[in-house]
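Worksheet for the structure shown next.
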Amino acid sequence: MSRRVLDFHVHVLRYDRIEAGVKNLLEKAYPGKVKELLDQYSTPEQLTALLDEAGVERAVLLAEYSPGVTCVVTNEEVAEICRQAPRYLPFANINPHFLADPVKELEHVVEDLGCHGVKLLPSYQNWHPLDSRMYRLYDAAQAMGIPMHFHIGSSVFPGTRMKYADPLWLDDIAVDFPRLTLIMAHSGRGFWYDRAFFLARLHDNIYMEISGLPPKNLLKYFPEFERNADKIIFGSDWPSTGPIQETVQGILALPISEQSKEKILWKNGARVLGLE
């Protein structure tokens, strides 16, 4: 059968704007070749070739504004790449420390830049998910039908404050904004796997996104993995996890049904993004 793949977690990185922690992580995956790799995939055409090789039909490209911790990739840069290559779907980043009005920024990235969602990084940007400023943002996003994609789980980058990446904070948000789609990137990576899995089963509007998790370990992290097949979304976290095609093949090798693989690799993400 033909296999459709939607990668919900692709980074666009510039070597001169990534922090030392990110460079160190990438150096482990691509020894001595990090700058060459990032330069090689710096245009829409080059990214398209990368996705074609991996068999990825659509991909979410993520902006990020976390100076001093990870990197700076602006909303405008990501939106421009996606404008040139419609197979990509831009997700903006909103950092409340650098904005007078997060709601106004949401309106700008959606209406002017065409972003399909927002990636939120509380643990890199040092803000609490239940911050009142962000509650206004969630309310506006719910009204606009815009999904919120949270970094949920551990990270090795210096300056990260992991207490803000606990999936439990999303319980309040899911209850207070029942029509707001919440996506947990990394699904509680490290020591919150059970909490993330439970919340995705409990709340209709919470999804697990499995970027950064080795496929061969998924059934160890989530012993009842397939029970949640309707709420799990594929993401590669490229480039930090190596070749995308190897990650896709890892999902295909799992001892779960073909229907579940299809949901994880395409259908669930496509439903969230309104692609089908």
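Since every read-out is calculated from the coordinates, none of them should be taken as a lab result. Because the structure is a prediction, the values reported are computed rather than measured. Note that each Cβ is placed from the backbone with ideal geometry, even for glycine, and that neighbours are counted across all protein chains shown.
Per-residue extension of 0.36 nm, minus the Cα-Cα distance of Glu27 and Ala100, leaves a gain of 22.6 nm for this segment.
Among [x] 24, 23, 19; [y] 34, 23, 20; [z] 28, 23, 18, only one was calculated for this model; which label is it, if the read-out is semi-axes √(5λ) of the Cα gyration tensor in Å? Computed from the coordinates, semi-axes √(5λ) of the Cα gyration tensor in Å corresponds to [x]. Put +1 on the Cβ of every Lys and Arg and -1 on every Asp and Glu Cβ in the chain; which of Tyr135, Leu170, His11 then has its Cα farthest towards the positive end of the dipole? Of the listed residues, the answer is Leu170. Coupling constants for segment 258-269 follow from the phi torsions by the Karplus curve (6.51 cos²θ - 1.76 cosθ + 1.60, θ = phi - 60°), and in residue order they are 4, 5, 5, 4, 5, 5, 5, 7, 9, 4, 5, x Hz; glycine and proline get x.
Here each label is just a point 7 Å from Cα along the line to Cβ, and for Gln259 and Leu275 those points are 2.2 nm apart. Run through segment 147-221 and list the chymotrypsin sites (Phe, Trp or Tyr not before Pro) located in a DSSP loop whose Cβ has at most 14 other Cβ atoms within 10 Å. Answer by residue number: Phe191. Only one residue of Pro158, Cys82, Phe225 has its Cα farthest out toward the positive end of the dipole of the chain, where Lys and Arg carry +1 and Asp and Glu -1 on Cβ, and that residue is Phe225. Between amide H atoms placed 1.01 Å from N, distances below 5 Å from His9 occur with Val60, Ser236, Asp237, all of them 5 or more places distant or on a separate chain. Here r is the Cβ-Cβ distance between Glu111 and Glu224 and R0 is 51 Å; the resulting FRET efficiency, rounded to 0.05, is 0.80.
Between Asp176 and Gln40, full extension at 0.36 nm per residue minus the direct alpha carbon distance yields a gain of 44.6 nm. Measuring how big segment 116-215 is from its alpha-carbon positions, Rg and Dmax come out at 12.5, 36 Å. In terms of surrounding Cβ atoms within a 10 Å radius of their Cβ, Phe225, Phe98, Phe91 rank from fewest to most as Phe98, Phe225, Phe91. Over 22 Å between Cα atoms, which of Lys23/Lys263; Lys220/Lys267; Lys163/Lys216; Lys119/Lys261; Lys28/Lys216; Lys28/Lys163 qualify? The pairs that break the limit, which is 22 Å between Cα atoms, are Lys23/Lys263; Lys220/Lys267; Lys163/Lys216; Lys119/Lys261; Lys28/Lys163. Taking every alpha-carbon pair under 8 Å whose residues sit at least 6 apart, segment 6-273 reaches a relative contact order of 18 percent.
Basic side chains Lys and Arg get +1 at the Cβ, acidic Asp and Glu get -1 at the Cβ, and with that the dipole of the chain about its Cα centre reaches some 620 debye.
Suppose R0 equals 22 Å; then what is the FRET efficiency for Glu57 and Glu246 from their Cβ-Cβ distance, rounded to the nearest 0.05? Result of the calculation: an efficiency of 0.80.
Couplings 3J(HN,Hα) of segment 138-154, computed from phi: 4, 4, 5, 5, 4, 5, 8, x, 9, x, 10, 10, 8, 6, 10, x, 6 Hz, in residue order, whole Hz [Karplus 6.51 cos²θ - 1.76 cosθ + 1.60, θ = phi - 60°; x for Gly and Pro].
Sequentially through segment 230-238, phi angles give Karplus couplings (6.51, -1.76, 1.60; θ = phi - 60°) of 6, 10, 10, 10, 7, x, 8, 6, 4 Hz, Gly and Pro residues having no value and appearing as x.
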